[in-house]
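The next block holds one structure in the form of structure tokens; read it before the comments.
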Amino acid sequence: MFNLNLIFTNKNLKLRFLFPLLFASTLFAQSFTVEKIEPPNWWTNLKPDTIELMVYGKNLSGVSVASPKRNFPIVKTLKADSKNYLFVFVKTGNLNAGVYPLTFAKKDEKQTVGFKVLERDNSSKTQAGFDENDVVYLIFVDRFCDGDTTNETIPNSKDEFKPYTLNGRHGGDLKGIISKLDYLKDLGVTALWITPVLENNMWMSYHGYAATDLYKVDPRFGTNAIYKKLVKEAHKRGIKIIMDHVDNHIGINHPWVKDTPMKDWFHGTVKNFLPAHHNKIAFFDVHGDTVTPHQTVEGWFTDYMPDLNKSDKYLANYMIENTIWWIQYLGIDGIREDTYPYNDLKYMARWAETIFKDYPHFNIVAEIWKGEPVFISEYQANPVINRGFNSHLPSVTDYALNEAFVGFLKGEKTLNNIYETLAEDFVYRNPRMLLTFLDNHDIDRAMYDAKNDLRKFKMALGMLLTTRGIPQILYGTEIGMNGGGHDGRIRAHFPGGFPVDSVNAFTAKGRNARQNEIFNFTRTLLHLRKKYAAMRKGKLLHFPPEKGVYVYFRIFKNQKIMVVVNEKNEGTNFNLSKEKYVIGNSKIFNLLNNKKVVLLNNSKLKLAPMSFNLYLLGGNDDN
């Protein structure tokens, strides 16, 4: 429900009036009520010249809407299929900041509510985007840090799992993340990917991917205001925020499911729907049928995640406005879009294009869970092989390189597979904008894949942080967290972030020797990335692996970084004669031990077994 009163200011008269938000024109019970409007407010100077207000209430059929303010022009109203919703379309091109009264009337009954328009903040410190200069740290909110132990549950919770179980809540929240921002800054990451925190009053609620309210942070994670504070505090420390966003589906306990605004807002019904169909290749298959793409788009991801039908223009408007509202309200820098290929691609292209009109520096990375570069590339903006679809997305997830890394960690593939995957970059419009990773919250952790082999783990992490792309690391990677075989074990909570923990791995003292070795290795690489531009945005020049040794360079202006990885379980004196034309007569400095390197016989580099080696050629610190 609305607050009882809202202050309305007339700047010209400099008078202030109290407007009751809900009132009756008679003493008798009303035949209709207005409960809330979404979006709850808007801003000046946003590109959409008309916004769609979705009114929630009771018995809204036959209700008219008017505003006494001439500069708040109502274009039209639309009756919903359900009597409990109403759509109001308002022209926003010349709106000034203020509170605009909307009067809802039915026969002789009236209710007036105030709709607030705020001044848009065009600060360059917000909506800045993210790119290859960043390292993204993925935080699974429930499992990172519990900063408020008073919000562990909610009234009428539908969660069926006990706390601290694999599928139960552990209590991590937004305040917990705020409390660790200094830790993250010291570690050296520059962007945080925050998993969804919208209300998820579901049978399994901890993951956040089945929203039951699209405008409200789940109280167990915090509040809208606390999320906004997180963004502000992160920006103070030079850390960007990426919001995990879900456009494809909602949770089955969302009010729309029982009382659907428009009859075609879902693909199917709770009792009759298509199951998930995971064929993401079908959209671009030149020999493909016409049925399979529809099955992929219309199938429900799970039976408790109703699939949204964005071919309905009013739902499409709602979802676009909802995304813009969160971008503007929070001041976030980017979005990670969940289950992207399961959406209506024509709609998603419009969604992204609309966002970039208002936020040209923003970035969106789409989850494309497919391991072939040629298919991944079709989802990036302006694809090289154009099949008639332009997503307008700068970034997509690089599951092809991930699969090469995973194969290497498991011992099923060699460095040559990593080399060959990168050699296929010609299919991408911009491979530098691919989000690269060893693991994430959906797949087994890198240390699990490596079977606790620390040397192999460090080799893979070293390559991730020095090759092309935007590297993403999962929370706990910096201490070698190990988990796999079940989502709950992959998403184990960070030791030291919760009241039940006996150790605190957020501190050097609380970490054991192995954890500190991994932490120091990770931190060193992250800070070297900040120091040397070539590590972030240099041209990638690599050579085919030879005798188990992979050599590549990152070159930016006059700065050269050389990476040498030895996958053999024995040391070697590797001959760099082929690479000599790149090295020239440059001095070679080992950046991991700060020692000058002397080549044996002027061409051979001494390498330890199973090792990642990082060198600076010459002494150019140009960044």
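Consider LYS58 against the criteria (1) exposed (fewer than 13 other Cβ atoms within 10 Å of the Cβ); (2) at pLDDT below 95; (3) among the charged types (D, E, K, R): it satisfies all of them except one. Which criterion is unmet?
Failed condition: (2).
Against the condition under 14 Å from ARG468 (Cβ atoms) and open to solvent by 30 Å² or more (accessible area, probe 1.4 Å), how does GLU424 come out, does it pass?
Numbers: under 14 Å from ARG468 (Cβ atoms): yes; open to solvent by 30 Å² or more (accessible area, probe 1.4 Å): yes.
Judged against the criteria, GLU424 is a match.
Could you go through region 167-178 and let me know if any residue there is more than 21 Å from the chain's Cα centre (by Cα), more than 30 Å from THR467 (Cβ to Cβ) and surrounded by fewer than 20 Cβ atoms within 10 Å (Cβ to Cβ).
yes
Tell me, please, whether a residue that is of a type in the set (A, V, I, L, M) and more than 16 Å from LEU315 (Cβ to Cβ) can be found in region 258-267. Let's see the steps before the verdict.
In the first step, residues of region 258-267 are kept if they are of a type in the set (A, V, I, L, M); the result is 262.
Adding the requirement that they be more than 16 Å from LEU315 (Cβ to Cβ) leaves none.
So far as region 258-267 goes, no, none of its residues is of a type in the set (A, V, I, L, M) and more than 16 Å from LEU315 (Cβ to Cβ).
Criterion first (farther than 20 Å from ILE320 by Cβ, touching a residue at least 60 places away in the same chain (Cβ under 8 Å) and in contact with a strand residue (DSSP E or B) (Cβ under 9 Å, 6 or more places away or on another chain)) does VAL34 satisfy it?
Working: farther than 20 Å from ILE320 by Cβ: yes; touching a residue at least 60 places away in the same chain (Cβ under 8 Å): yes; in contact with a strand residue (DSSP E or B) (Cβ under 9 Å, 6 or more places away or on another chain): yes.
The answer is yes for VAL34.
If TRP369 passes every condition in (1) open to solvent by less than 20 Å² (accessible area, probe 1.4 Å); (2) not in a helix (DSSP H, G or I) but one, which one does it miss?
All conditions are met except number (1).
What strands (runs of 3 or more DSSP E) lie completely within region 508-623 and have 3 or more residues being touching a residue at least 40 places away in the same chain (Cβ under 8 Å) and surrounded by 15 or more Cβ atoms within 10 Å (Cβ to Cβ)?
Values: elements: 539-542, 549-556, 559-566, 572-575, 588-590, 595-597, 604-607, 611-617.
Those strands (runs of 3 or more DSSP E) span 549-556, 559-566, 611-617.
For region 110-119, does any single residue satisfy the condition of being open to solvent by less than 60 Å² (accessible area, probe 1.4 Å) and either farther than 30 Å from TRP265 by Cα or free of Cβ contacts under 8 Å to residues at least 60 places away in the same chain (or both)?
Going residue by residue through region 110-119, those that are open to solvent by less than 60 Å² (accessible area, probe 1.4 Å) are 111-115, 117.
In the following step, the residues that additionally are either farther than 30 Å from TRP265 by Cα or free of Cβ contacts under 8 Å to residues at least 60 places away in the same chain (or both) were identified as none.
Among the residues of region 110-119, not one is open to solvent by less than 60 Å² (accessible area, probe 1.4 Å) and either farther than 30 Å from TRP265 by Cα or free of Cβ contacts under 8 Å to residues at least 60 places away in the same chain (or both), which makes the answer no.
Of the numbered conditions (1) open to solvent by 60 Å² or more (accessible area, probe 1.4 Å); (2) in contact with a Lys or Arg (Cβ under 9 Å, 6 or more places away or on another chain); (3) modelled with pLDDT of 95 or more, VAL286 satisfies every one except a single condition; which is it?
(3)
This table checks each residue for (1) under 17 Å from the mean Cα position of the chain (by Cα); (2) closer than 23 Å to HIS249 by Cβ; (3) open to solvent by less than 10 Å² (accessible area, probe 1.4 Å).
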site: PRO163; (1), (2), (3): no, no, no
site: ASP182; (1), (2), (3): no, no, no
site: LEU187; (1), (2), (3): no, no, yes
site: THR190; (1), (2), (3): yes, no, no
site: HIS235; (1), (2), (3): yes, no, no
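Would you pick out the residues in region 124-162 that are touching a residue at least 60 places away in the same chain (Cβ under 8 Å), assigned to a loop (DSSP other than H, G, I, E, B) and of a type in the set (Asp, Glu)? Quick ask: steps written out before the conclusion?
Step one: filter region 124-162 for residues touching a residue at least 60 places away in the same chain (Cβ under 8 Å), giving 125-146, 148-149, 151-154, 158.
Filter once more, so that each one left must be assigned to a loop (DSSP other than H, G, I, E, B): 125-135, 140, 144-146, 148-149, 151-154, 158.
Scanning region 124-162 gives ASP131, GLU132, ASP134, ASP146, ASP148, GLU152.
This table checks each residue for (1) closer than 26 Å to LEU86 by Cβ; (2) not in a loop (DSSP other than H, G, I, E, B).
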{"position": "TYR215", "(1), (2)": "yes, yes"}
{"position": "ARG220", "(1), (2)": "no, no"}
{"position": "LYS228", "(1), (2)": "no, yes"}
{"position": "THR260", "(1), (2)": "yes, no"}
{"position": "VAL270", "(1), (2)": "yes, no"}
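State yes or no: is ASN151 touching a Lys or Arg at 6+ places or on another chain (Cβ under 8 Å), open to solvent by 10 Å² or more (accessible area, probe 1.4 Å) and more than 20 Å from ASN440 (Cβ to Cβ)?
Details: touching a Lys or Arg at 6+ places or on another chain (Cβ under 8 Å): yes; open to solvent by 10 Å² or more (accessible area, probe 1.4 Å): yes; more than 20 Å from ASN440 (Cβ to Cβ): yes.
Here the answer is yes, as ASN151 does meet what is asked.
Please work out which residue is surrounded by the most Cβ atoms within 10 Å (Cβ to Cβ), limiting yourself to region 380-391 and to residues that are touching a residue at least 24 places away in the same chain (Cβ under 8 Å) and out of contact with any Lys or Arg (no Cβ under 9 Å at 6 or more places or on another chain). Give the steps one after another, and end with the answer.
Keep residues of region 380-391 that are touching a residue at least 24 places away in the same chain (Cβ under 8 Å), which gives 380-385, 387, 389-391.
Now drop any that are not out of contact with any Lys or Arg (no Cβ under 9 Å at 6 or more places or on another chain), which leaves 385, 387, 390-391.
On the way: ILE385: 11, ARG387: 11, ASN390: 16, SER391: 23.
It comes out as SER391.
If SER377 passes every condition in (1) in contact (Cβ under 8 Å) with a residue 60 or more places away in the chain; (2) more than 18 Å from the chain's Cα centre (by Cα) but one, which one does it miss?
Result: SER377 passes all but (1).
For region 445-489, how many residues meet the condition of being outside any helix (DSSP H, G or I) and either touching a Cys at 6+ places or on another chain (Cβ under 7 Å) or open to solvent by 40 Å² or more (accessible area, probe 1.4 Å) (or both)? Steps first, answer last, please.
Kept after step one, since they are outside any helix (DSSP H, G or I), are these residues of region 445-489: 445, 450-453, 465-476, 480-486.
Applying the additional criterion that residues be either touching a Cys at 6+ places or on another chain (Cβ under 7 Å) or open to solvent by 40 Å² or more (accessible area, probe 1.4 Å) (or both) yields 451-453, 482, 485-486.
Residues in region 445-489 being outside any helix (DSSP H, G or I) and either touching a Cys at 6+ places or on another chain (Cβ under 7 Å) or open to solvent by 40 Å² or more (accessible area, probe 1.4 Å) (or both): 6 in total.
Yes or no, residue by residue, for (1) farther than 16 Å from ASP131 by Cα; (2) open to solvent by 30 Å² or more (accessible area, probe 1.4 Å); (3) not hydroxyl-bearing (Ser, Thr, Tyr):
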| site | (1), (2), (3) |
| --- | --- |
| ALA349 | yes, no, yes |
| ILE355 | yes, no, yes |
| TYR359 | no, no, no |
| GLU378 | yes, no, yes |
| PRO394 | no, yes, yes |
| GLU403 | yes, yes, yes |
| GLY407 | yes, no, yes |
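To keep it simple, each residue is scored yes or no on (1) closer than 18 Å to VAL141 by Cα; (2) among the polar types (S, T, N, Q).
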residue: GLU420; (1), (2): no, no
residue: HIS441; (1), (2): yes, no
residue: MET459; (1), (2): no, no
residue: GLY462; (1), (2): no, no
residue: THR466; (1), (2): no, yes
residue: ILE470; (1), (2): no, no
residue: LEU474; (1), (2): yes, no
residue: GLY497; (1), (2): yes, no
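Working only within region 547-593, note down all residues that are more than 37 Å from the chain's Cα centre (by Cα), closer than 19 Å to ILE418 by Cα and of a type in the set (Lys, Arg).
LYS547
With ASP186, ASP264, ASP182 as the choices, which residue is acidic (Asp, Glu), assigned to a loop (DSSP other than H, G, I, E, B) and at pLDDT 95 or above?
Details: ASP186 fails: assigned to a loop (DSSP other than H, G, I, E, B); ASP182 fails: assigned to a loop (DSSP other than H, G, I, E, B).
ASP264 is the lone residue from the list that is acidic (Asp, Glu), assigned to a loop (DSSP other than H, G, I, E, B) and at pLDDT 95 or above.
Does region 38-54 contain any residue that is over 30 Å from HIS361 (Cβ atoms) and either open to solvent by less than 60 Å² (accessible area, probe 1.4 Å) or in a strand (DSSP E or B) (or both)?
Initial filter on region 38-54 (over 30 Å from HIS361 (Cβ atoms)): none.
No; the residues of region 38-54 include none that is over 30 Å from HIS361 (Cβ atoms) and either open to solvent by less than 60 Å² (accessible area, probe 1.4 Å) or in a strand (DSSP E or B) (or both).
In region 593-611, which residues are within 12 Å of MET562 (Cβ to Cβ) and touching a helix residue (DSSP H, G or I) at 6+ places or on another chain (Cβ under 9 Å)?
Passing the criteria: only LEU599.
The values are calculated or read from the model by the stated rules, or taken from the named source; none is laboratory data. This is a predicted model, so every value here is computed, not measured. Heads up, the Cβs are rebuilt from the backbone with ideal geometry, glycines too, and the neighbour counts pull from every protein chain shown. Accessible surface areas use protein heavy atoms only, side chains included; no ligands, DNA or RNA. Shrake-Rupley method; radii C 1.70, N 1.55, O 1.52, S 1.80 Å.
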